[in-house]
1. Is it true that some residue in region 92-114 is in contact with a Phe, Trp or Tyr (Cβ under 7 Å, 6 or more places away or on another chain), in a helix (DSSP H, G or I), modelled with pLDDT of 90 or more and within 21 Å of Leu7 (Cα to Cα)?
2. For residues that are surrounded by 18 or more Cβ atoms within 10 Å (Cβ to Cβ) and without any contact (Cβ under 8 Å) to a residue 60 or more places away in the chain, scanning just region 9-26, find the one that is nearest to Asn61 (Cα to Cα).
3. Could you list, in sequence order, all residues of region 20-37 that are under 22 Å from Asp70 (Cα atoms) and either part of a strand (DSSP E or B) or of a type outside the set (Lys, Arg) (or both)?
4. Take region 64-85 and flag every residue that is surrounded by 14 or more Cβ atoms within 10 Å (Cβ to Cβ), part of a loop (DSSP other than H, G, I, E, B) and not β-branched (Val, Ile, Thr).
5. Looking at this structure, is Leu88 in contact with a strand residue (DSSP E or B) (Cβ under 7 Å, 6 or more places away or on another chain), part of a helix (DSSP H, G or I) and touching a residue at least 60 places away in the same chain (Cβ under 8 Å)?
6. Can you tell me which residue within region 50-62, out of those that are over 14 Å from the mean Cα position of the chain (by Cα) and not in a loop (DSSP other than H, G, I, E, B), is surrounded by the fewest Cβ atoms within 10 Å (Cβ to Cβ)?
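The values are calculated or read from the model by the stated rules, or taken from the named source; none is laboratory data. All of these numbers come straight from a predicted model, not from anything done at the bench. Note that we place each Cβ from the backbone using ideal geometry, even for glycine, and neighbour counts take in every protein chain shown.
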Amino acid sequence: MSRCRWLRYTALAALNIDYPPEKLHVYILDDGTREDFSEFAAEAGVGYVTRVEHGHAKAGNINHALTMMDSPYVAIFDCDHVPTRSFLQVTLGWMLADPVLGMLQTPHHFYSPGPLRTEPSAVQDDSERG
(Lines give C-alpha, C1' and ligand atoms only; values in the text may rest on other atoms or scores of the structure.)
Protein backbone atom coordinates (compact mmCIF):
# COMPACT_ATOMS: atom_id res chain seq x y z
CA MET A 1 0.00 0.00 0.00
CA SER A 2 1.39 3.40 -0.88
CA ARG A 3 2.53 5.77 1.83
CA CYS A 4 0.06 8.40 0.63
CA ARG A 5 -2.81 5.94 1.09
CA TRP A 6 -1.82 5.21 4.70
CA LEU A 7 -1.27 8.91 5.25
CA ARG A 8 -4.86 9.55 4.16
CA TYR A 9 -6.22 7.04 6.71
CA THR A 10 -4.07 8.55 9.45
CA ALA A 11 -4.91 12.20 8.68
CA LEU A 12 -8.64 11.56 8.32
CA ALA A 13 -8.72 9.55 11.55
CA ALA A 14 -6.82 12.35 13.31
CA LEU A 15 -9.42 14.85 12.08
CA ASN A 16 -12.08 12.60 13.58
CA ILE A 17 -10.52 12.49 17.07
CA ASP A 18 -13.05 13.42 19.72
CA TYR A 19 -11.73 16.81 20.87
CA PRO A 20 -13.05 20.37 20.58
CA PRO A 21 -12.63 21.26 16.89
CA GLU A 22 -11.26 24.73 17.66
CA LYS A 23 -8.43 23.11 19.64
CA LEU A 24 -7.65 20.24 17.25
CA HIS A 25 -5.00 21.04 14.65
CA VAL A 26 -3.83 18.32 12.27
CA TYR A 27 -0.64 18.72 10.24
CA ILE A 28 1.16 16.53 7.75
CA LEU A 29 4.92 16.86 8.22
CA ASP A 30 6.39 15.95 4.84
CA ASP A 31 10.16 15.70 4.82
CA GLY A 32 10.05 14.60 1.19
CA THR A 33 8.04 17.53 -0.20
CA ARG A 34 5.70 15.28 -2.19
CA GLU A 35 3.10 16.89 -4.41
CA ASP A 36 0.47 14.19 -3.72
CA PHE A 37 0.81 14.80 0.04
CA SER A 38 0.42 18.55 -0.47
CA GLU A 39 -2.66 18.10 -2.65
CA PHE A 40 -4.25 15.72 -0.16
CA ALA A 41 -3.59 18.11 2.75
CA ALA A 42 -5.34 20.92 0.87
CA GLU A 43 -8.31 18.66 0.01
CA ALA A 44 -8.65 17.36 3.57
CA GLY A 45 -8.23 20.75 5.21
CA VAL A 46 -5.16 19.85 7.25
CA GLY A 47 -1.94 21.77 7.64
CA TYR A 48 1.07 20.85 5.54
CA VAL A 49 4.62 21.50 6.75
CA THR A 50 7.86 21.00 4.82
CA ARG A 51 11.38 22.23 5.45
CA VAL A 52 14.34 23.33 3.38
CA GLU A 53 17.04 21.64 5.46
CA HIS A 54 16.53 17.91 5.98
CA GLY A 55 19.01 17.16 8.74
CA HIS A 56 18.34 14.86 11.70
CA ALA A 57 15.66 12.79 9.92
CA LYS A 58 12.32 12.41 11.72
CA ALA A 59 13.48 14.25 14.85
CA GLY A 60 14.60 17.22 12.76
CA ASN A 61 11.29 17.24 10.91
CA ILE A 62 9.31 17.21 14.17
CA ASN A 63 11.53 19.85 15.81
CA HIS A 64 11.11 22.12 12.79
CA ALA A 65 7.31 21.79 12.89
CA LEU A 66 7.19 22.45 16.64
CA THR A 67 8.79 25.86 16.09
CA MET A 68 5.74 26.78 13.99
CA MET A 69 3.08 25.70 16.51
CA ASP A 70 1.86 26.94 19.85
CA SER A 71 -0.36 24.06 20.98
CA PRO A 72 0.06 23.04 24.62
CA TYR A 73 -0.18 19.33 23.72
CA VAL A 74 1.08 17.50 20.64
CA ALA A 75 0.34 13.94 19.49
CA ILE A 76 2.63 12.50 16.83
CA PHE A 77 1.57 9.61 14.60
CA ASP A 78 3.58 7.84 11.93
CA CYS A 79 1.80 7.86 8.59
CA ASP A 80 0.71 4.23 9.05
CA HIS A 81 -0.62 4.64 12.60
CA VAL A 82 -4.37 5.26 12.46
CA PRO A 83 -5.52 6.79 15.77
CA THR A 84 -8.85 5.85 17.31
CA ARG A 85 -11.51 8.49 17.86
CA SER A 86 -10.99 8.23 21.64
CA PHE A 87 -7.19 8.59 21.49
CA LEU A 88 -7.03 11.93 23.32
CA GLN A 89 -9.73 10.91 25.80
CA VAL A 90 -7.62 8.02 27.02
CA THR A 91 -4.23 9.74 26.89
CA LEU A 92 -4.56 13.46 27.59
CA GLY A 93 -5.91 12.86 31.10
CA TRP A 94 -2.50 11.55 32.16
CA MET A 95 -0.89 14.81 31.04
CA LEU A 96 -3.49 16.87 32.90
CA ALA A 97 -3.21 14.78 36.06
CA ASP A 98 0.58 15.14 36.32
CA PRO A 99 1.93 18.60 35.38
CA VAL A 100 5.54 17.36 35.31
CA LEU A 101 4.76 14.61 32.80
CA GLY A 102 6.41 15.67 29.55
CA MET A 103 5.81 12.67 27.30
CA LEU A 104 3.45 9.72 27.16
CA GLN A 105 4.13 6.74 24.92
CA THR A 106 1.21 4.48 24.09
CA PRO A 107 1.07 0.91 22.81
CA HIS A 108 0.64 0.44 19.07
CA HIS A 109 -2.26 -1.45 17.55
CA PHE A 110 -1.94 -2.09 13.85
CA TYR A 111 -4.71 -2.60 11.30
CA SER A 112 -2.38 -4.14 8.74
CA PRO A 113 -0.26 -7.24 9.21
CA GLY A 114 3.34 -6.38 9.84
CA PRO A 115 6.28 -8.38 8.54
CA LEU A 116 6.40 -10.51 11.70
CA ARG A 117 2.79 -11.58 11.18
CA THR A 118 3.17 -12.34 7.49
CA GLU A 119 6.59 -13.97 7.71
CA PRO A 120 6.99 -15.55 11.15
CA SER A 121 10.00 -17.52 9.87
CA ALA A 122 11.92 -14.20 9.88
CA VAL A 123 11.90 -14.24 13.70
CA GLN A 124 14.45 -16.41 15.42
CA ASP A 125 13.71 -18.08 18.71
CA ASP A 126 16.38 -17.47 21.37
CA SER A 127 17.21 -21.19 21.24
CA GLU A 128 18.08 -20.87 17.54
CA ARG A 129 20.67 -18.14 18.10
CA GLY A 130 24.31 -19.16 18.14
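1. no
2. Val26
3. Passing the criteria: Pro20, Pro21, Glu22, Leu24, His25, Val26, Tyr27, Ile28, Leu29, Asp30, Asp31.
4. Those that are surrounded by 14 or more Cβ atoms within 10 Å (Cβ to Cβ), part of a loop (DSSP other than H, G, I, E, B) and not β-branched (Val, Ile, Thr): Ala75, Phe77, Cys79, Asp80, His81, Pro83.
5. Working: in contact with a strand residue (DSSP E or B) (Cβ under 7 Å, 6 or more places away or on another chain): no; part of a helix (DSSP H, G or I): yes; touching a residue at least 60 places away in the same chain (Cβ under 8 Å): yes.
So Leu88 does not fit the description; no.
6. Looking at the filtered set, the residue picked out is Ala57.
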